[in-house]
Amino acid sequence: METLINAHIVTADASWERGYVRWDGDTIKQVGSMDTYEPIPSEVTLDVEGALVTPGMIDVHVHGGYGIDTMDADESRLRTWSENMLQEGVTSFFATTITQSKTSIEKALSAARNVIEGRDSTLIGIHLEGPFVNREMAGAQPVEYILDPDAEQFNSWQALAGKQIRLVTYAPERPGAREFERAMKQSGAIGSTGHTSATFEENQLGDVKHGTHLYNQMRGLHHREPGTVGYCLLEKGVMTEIIPDGIHSRPEMIDFAYRLKGADELVVITDAMRAKGLPDGRYELGGQPVIVEQGAARLEAGNLAGSVLTMDAAFRNIQSFTGCSIQEAVKMTATNAAREFGLKTKGEIKPGFDADLVIWDEAMTVTYTVFRGQIAYKREGRG
């Protein structure tokens, strides 16, 4: 048995100013107030002296980081990337593809599947972003490889991926979308409206329940046509991604989304690419040169090309931009994604859940990350 004691525990549904978390192996056994804590012989304790403890975070839209990209299709590099995510407090993520040749996508899906099926890393699913998008809203998606929604092609890729494709960004207005949506639903994947010029009604026709990086590369809000932005903000039950880096959207617009959607229907993502965690310079995304300067990643033409945002910074930013509580930030960075994708042992600090925990210091910097019951990351200088 191992136990964190004297912890300020905050989950989506409960909190303890002075509490404890006890786990055995990789599973949480008890959570409660220190007033009810009773030591167990031979248990190992870590006294965090009042530090904030939250559930391990989940990033469902991230292309890469630390010099690595999903499209590298390299199992060893994917594992290294997975380990590096722990320093951000991320204990689960979806490796996200980009529009590329069919062969490149297939190699990436196969590599990611192999790592996921090992069940020993933070990589737990795949987000297929493209190629089934609208070329008029390509952004950093290479136009030459964009396809209309193709149910047969999706089914083939989902089989290759061992049904590990959990989320699919597509354009609901394009030909073939209705059959494509049926194929996604039957396979267990969730369709997300993104890189799209779909009207409000076209999104309704698709019964879309997820929105990819709100505001960016989607039909905007207009008083006579709410567009995809209006659909994501106004339709109940639509989980909407937001990138709180202050670059993809101004802080005021992050707050605007929070005021309309509330914390229950926003999911914080990074949309990060391989330059995350590295200095400014020249990098690559989907075979395209990317210039990273002053925290922004752009193609040579000026289009934003993902981000270099980390999830710990996103956790701080969403609070700063919206004034939300820590409990609401936990919902948006962990619990909402876990509930949406049926990750039944993730996103909470409860008995029966995975012992995935983040311990923060007073400056809201990650001090420790516990992954499946093991201290998998410890900031340098900590005892």
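Candidate cross-link partners of K107 among the lysines, defined by an alpha-carbon separation under 20 Å and a same-chain spacing of 8 or more, comprise K163. Each label was represented as a point 7 Å from its Cα along the Cα-to-Cβ direction; for E83 and K236 these points are 4.8 nm apart.
Return one number: the angle in degrees, 0 to 90 and rounded to the nearest 10, between the long axis of the Cα atoms of helix 75-84 and the longest principal axis of the Cα atoms of the chain. The angle comes out at about 50 degrees. Helix-only arithmetic for the chain: the sum of -39500 (n - 2.57) across DSSP H runs with n ≥ 4, divided by the residue total, places the mean residue ellipticity at 222 nm at -7000 deg cm²/dmol.
Each part reduced to its alpha carbon centroid, the stretch 51-115 and the stretch 117-145 end up 11 Å apart. What separates the Cα centres of the stretch 253-275 and the stretch 317-383 is a distance of 16 Å. The dipole here belongs to the stretch 16-159: it is taken about the Cα centre, uses +1 on the Cβ of Lys and Arg and -1 on the Cβ of Asp and Glu, and is about 200 debye.
Dipole magnitude of the stretch 21-64 about its Cα centre, charges +1 at Lys/Arg Cβ and -1 at Asp/Glu Cβ only, in debye to the nearest 20? With Lys and Arg at +1 and Asp and Glu at -1, about 120 debye.
Among T367, A301, G211, which residue has its Cα positioned farthest towards the positive end of the charge dipole of the chain, with +1 placed on the Cβ of Lys and Arg, -1 on the Cβ of Asp and Glu, and the dipole taken about the Cα centre? Of the candidates, G211 comes out farthest on the positive side.
Using bins of 10 Å that start at zero, the share of Cα-Cα pairs per bin across the stretch 120-245 amounts to 14, 47, 32, 7, 0, in whole %.
Of K102/K185; K276/K350; K185/K378, which pairs sit farther than 29 Å apart, going by alpha carbon to alpha carbon? Provide the component values of the computation, followed by the final result.
Numbers: K102/K185 22 Å; K276/K350 32 Å; K185/K378 40 Å.
The answer is K276/K350; K185/K378.
Taking Cβ atoms as reference points and 12 Å as the exclusive limit, the residues near L309 contribute a net charge of -3, counting Lys and Arg as +1 and Asp and Glu as -1.
Note the full-extension length gain between S42 and L160 as 0.36 nm times their separation in residues minus their Cα-Cα distance, in nm to one decimal.
Details: separation 118, 0.36 × 118 = 42.48 nm, distance 4.62 nm.
My answer for the length gained is 37.9 nm.
Multiplying the residue separation of M253 and D207 by 0.36 nm and removing their Cα-Cα distance gives an extension gain of 14.1 nm.
Residues whose amide H lies under 5 Å from that of L285, counting only those 5 or more places away or on a different chain, are V290; hydrogens are built 1.01 Å from N in the peptide plane.
Probing with 1.4 Å while keeping every protein chain in the model, the per residue accessible area of the chain equals 39 Å². With respect to the chain, whose longest principal axis is taken over its alpha-carbon atoms, helix 177-187 is tilted by about 30°.
Taking R0 as 25 Å, what FRET efficiency do you get between E75 and T103 from their Cβ-Cβ distance, rounded to the nearest 0.05? It would help to have the intermediate numbers written out before the result.
On the way: r = 17 Å, r/R0 = 0.69.
After rounding, the FRET efficiency stands at 0.90.
Here the stretch 284-383 exposes an accessible surface that is 47 percent carbon and sulfur, computed with a 1.4 Å probe and the other protein chains kept in place.
For the pair M34 and E225, label points projected 7 Å from Cα toward Cβ lie 5.9 nm apart. Summarising the overall dimensions of the chain from its C-alpha atoms, the Rg and Dmax are 20.3, 67 angstrom. Rounded to the nearest 20 debye, the dipole magnitude of the chain is 420 debye, with +1 charges on Lys and Arg beta carbons, -1 on Asp and Glu beta carbons, and the Cα centre as origin.
Relative to the longest principal axis of the Cα atoms of the chain, helix 102-117 runs at roughly 20 degrees. For a Förster distance of 30 Å, can you work out the FRET efficiency between the beta-carbons of K350 and E293, rounded to the nearest 0.05? Approximately 0.10, to the nearest 0.05. With 0.36 nm allotted per residue and the present C-alpha distance subtracted, the D280-N303 stretch has 6.6 nm of extension available.
Among the protein heavy atoms of the stretch 24-87, carbon and sulfur supply 41% of the accessible surface, probe 1.4 Å, non-protein parts ignored. Under 18 Å from a label point set 7 Å out along the Cα-to-Cβ vector of S110, the amide N atoms of the stretch 131-156 belong to 153-156.
The values are calculated or read from the model by the stated rules, or taken from the named source; none is laboratory data. Predicted model, so just to flag it, every value in this text is computed and none were measured. Every residue, glycine as well, gets a Cβ built from its backbone with ideal geometry; the counts of neighbours run over all protein chains shown. All accessible areas refer to the heavy atoms of the entire protein, side chains included, with ligands and DNA or RNA removed. Shrake-Rupley method; radii C 1.70, N 1.55, O 1.52, S 1.80 Å.
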